[in-house]
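J.: Take a look at the following structure, please.
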Amino acid sequence: LRLSGLALLLAFTASSCALPRIRASARLGQLDLDGSFGASSAGSAIQSSSSALGLDKDDAVPEARVDLDWLGVHVGLSQFGSRHEGRGTAQTTLSLGSGPSITAGTPVDSKIEVELTTARVTWDVIPTRFADIGIGFGVGYYDYEVDVRSLATTARVRSDESFPIAFLALRAASQIGPFEAIGNVGALDVDLGGDELSYYDVDLSLGYRFFKKLKAQGQVTLGYRMLMTDLKYSDRGGEVEADLEFSGPYIGLTFSI
C-alpha cells in the first residue's frame, strides 16, 4: 500500500511539473473583402458596397502567433493586419464633419485597413482520446481605418476607430499521427456607450508534422480564416457604419518545443 501511494504521488508530481509546449507560427494569407461602408454627417448612414468602392483582396496578409499548451490549458497570442484599396464608384452620398460630401455616382479612390491583436485562453472541458474541446475567453484590440477620396473633386471622407474587445473563445483540436487539426472561434456582440461592435473570428487549420527530434517539432499548416465585424459609431458629429467580412486561405510554418 505504501509503494502504491508513493507511485501515485510520484505520478502526480511528474504531471504537475510537466513543461508546457510552446509553439511559434508564421503565416501568410490572402483575404477577400466583402461588405459595405457608409458615413453621414446628418442622419443615418446609407452604405456603399466594398465591391462598388473598388476594394480588392489583399494578396499578402502576414500573421504571427505564439501558443502555449499545458495540461489542458491553451494560451494563444496573435497579430495580423490587412489592407484593401482600389478605385470604384460611391453608390451613396458619403459625408463627415464640415468638409464637402462625396455624392452618389462619384468615382473614388478607396482604402480600408484593419489590424487585430488578440490574446486568449481556453480550458479543455471535453478531453477525449482523439479530440479536445475547450472554452474560455479572450481580449484584444481592433484598429480600423477607412479613407475614400473623390477623383472628381477635393472631397474626402476619412474615419478611424479603435475598439478594445473581450470575447468568448472556443477551441477544438484533434491529432492523429503526424496530422493535427485545430479550430479557434471568437465571438462578441456589444454596445459600448452608443458605439456598436459585433465580432466573429473563425480560424481553421490542418497541420502536417514533417520534423521531430526529441521534443522539437516542425509543422507545415494550411488553413482558412474568416473575420466578420459590424461597426456602428459616431465620428465628428456624424454616424459611420461598416459591415466587413474578411476571408481566405493561408499557409504557415510552426515550430514547437
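Values quoted throughout were computed directly from the atomic coordinates according to the rules given, and no laboratory measurement underlies them. Source: prediction; values computed, not measured. Here the Cβ positions follow ideal geometry from the backbone for every residue, glycine too, while neighbour counts run over all protein chains shown.
J.: Which residues in the range 87-120 place their backbone N less than 18 Å from a point set 7 Å from the Cα of R156 along the Cα-to-Cβ direction?
T.: Answer for this model: 87-88, 90, 94-103, 107-113.
J.: Would you kindly calculate the translational diffusion coefficient of the range 111-221, applying Stokes-Einstein with the Kirkwood radius from alpha carbon pairs, for 10 °C and a viscosity of 1.306 mPa s, and quote it in µm² s⁻¹ without decimals?
T.: 93
J.: Which value in Å is the Kirkwood Rh of the range 185-243 over different Cα pairs? Spell out each step's value before the answer.
T.: Numbers: mean 1/r = 0.0684 Å⁻¹.
Evaluated on the range 185-243, it is 14.6 Å.
J.: How many nm is it between the label spots at D143 and L192, if each spot is 7 Å from the Cα in line with the beta carbon?
T.: 1.4
J.: Just to confirm a number: summing +1 for Lys and Arg and -1 for Asp and Glu over residues other than D189 whose beta-carbon lies under 10 angstrom from that of D189, what do you get?
T.: -3
J.: Taking H as built 1.01 Å from N, whose amide H comes closer than 5 Å to the amide H of S50, not counting residues under 5 places away?
T.: G35, S36, F37
J.: For the range 123-212, calculate the relative contact order in percent as a whole number, restricting contacts to Cα pairs under 8 Å that are 6 or more residues apart. Spell out each step's value before the answer.
T.: On the way: 168 pairs, mean separation 20.0, N = 90.
Answer for the range 123-212 is 22 percent.
J.: Suppose R0 equals 45 Å. What FRET efficiency, 1/(1 + (r/R0)^6) with r the Cβ-Cβ distance, do K57 and I257 give to the nearest 0.05?
T.: Details: r = 35 Å, r/R0 = 0.78.
E(calc), rounded to 0.05, equals 0.80.
J.: For the chain, what is the calculated [θ] at 222 nm in deg cm²/dmol (nearest 500), taking -39500 (n - 2.57) for each run of four or more DSSP H residues and dividing by its residue count?
T.: -2000 deg cm²/dmol
J.: Largest first, please: the extent of the C-alpha atoms of the range 102-151 along each principal axis, to the nearest Å.
T.: Cα spread of the range 102-151 along its principal axes, largest to smallest: 60, 20, 13 Å.
J.: Whole-Hz ³J(HN,Hα) for each residue in the range 236-245, computed from phi via Karplus 6.51 cos²θ - 1.76 cosθ + 1.60 with θ = phi - 60°, x for glycine and proline: what do you get?
T.: 6, x, x, 10, 10, 10, 8, 10, 10, 10
J.: So if we plug the beta-carbon distance of R83 and I46 into 1/(1 + (r/R0)^6) with R0 = 35 Å, what FRET efficiency do we get, rounded to 0.05? Could you put the intermediate results ahead of the total?
T.: On the way: r = 25 Å, r/R0 = 0.72.
About 0.90, to the nearest 0.05.
J.: Looking at the P(r) of the range 36-93, how many percent of alpha-carbon pairs lie beyond 12 Å?
T.: Across the range 36-93, Cα pairs with separations above 12 Å total 75 percent.
J.: Now for a separate question. Please work out the FRET efficiency for the pair A64 and A104, using the Cβ-Cβ distance as r and a Förster radius of 30 Å; give the result to the nearest 0.05. Each step should come with its number before you reach the end.
T.: On the way: r = 41 Å, r/R0 = 1.36.
The computed FRET efficiency comes out at 0.15.
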